[in-house]
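Sharing a structure with you now.
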Amino acid sequence: MAKDEVDRLARMFKALSNPNRLRLFMNLLEESKLDLAKGRIHDCFLTKLLGGLELGAPTVSHHVKELSDAGLIHTQREGKQLICSVDPDGLAQLKAALTVAS
């Protein structure tokens with residue numbers, strides 16, 4: 001595996017090593033799994049993903065930025081709402097790395 005691929009995976013795993021970020025990412029995956037299986041990107045309002053997490057807005061903003069910077073999610077503003085979606089390339093890279101490791 002090339003160095004840049006290893007570096008990108010390291011950023012992804014580092015982002016997912018935080019329990020709150022992992023929960024956010026897993027919530028988004030759960031929301032989008034049917035669309036992802038059909039090859040479509042599923043958008044979800046961040047407020048819907050926060051169910052069960054008791055985090056303040058600054059903390060959530062930080063976690064979303066970390067997931068986005070790691071290449072795991074895309075974000076887009078729509079008025080006051082933040083829309084999130086799984087980055088299909090990032091997810092594919094994670095799956096490939098985990099498949100090779102097993």
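The values are calculated or read from the model by the stated rules, or taken from the named source; none is laboratory data. Everything numeric in this text was worked out from a predicted model, so none of it was measured. All Cβ positions, even for glycine, are placed from backbone atoms using ideal geometry, and neighbour counts span all protein chains on display.
Please specify each residue of the stretch 62-92 satisfying the condition of being in contact with a Gly (Cβ under 9 Å, 6 or more places away or on another chain) and either among the aromatic types (Phe, Trp, Tyr) or over 22 Å from Asn20 (Cβ atoms) (or both).
Pro88, Asp89
Sort out which residues of the stretch 43-94 are assigned to a helix (DSSP H, G or I), more than 15 Å from Lys14 (Cα to Cα) and of a type in the set (Val, Ile, Thr), and write them in order of number.
Of everything in the stretch 43-94, those that are assigned to a helix (DSSP H, G or I), more than 15 Å from Lys14 (Cα to Cα) and of a type in the set (Val, Ile, Thr) turn out to be Thr47, Thr59, Val60.
One residue is enough: does the stretch 76-85 have a residue meeting the conditions surrounded by 18 or more Cβ atoms within 10 Å (Cβ to Cβ) and at pLDDT below 90?
Checking the stretch 76-85: at least one residue is surrounded by 18 or more Cβ atoms within 10 Å (Cβ to Cβ) and at pLDDT below 90.
Looking only at residues in the stretch 86-102 that are in contact (Cβ under 8 Å) with a residue 24 or more places away in the chain and crowded, with 18+ Cβ neighbours inside 10 Å, which one is nearest to the chain's Cα centre (by Cα)?
Val86
Scan the stretch 1-52 for residues that are of a type in the set (Lys, Arg), farther than 24 Å from Arg77 by Cα and at pLDDT below 90 and jot them down.
The answer is Lys38, and nothing else.
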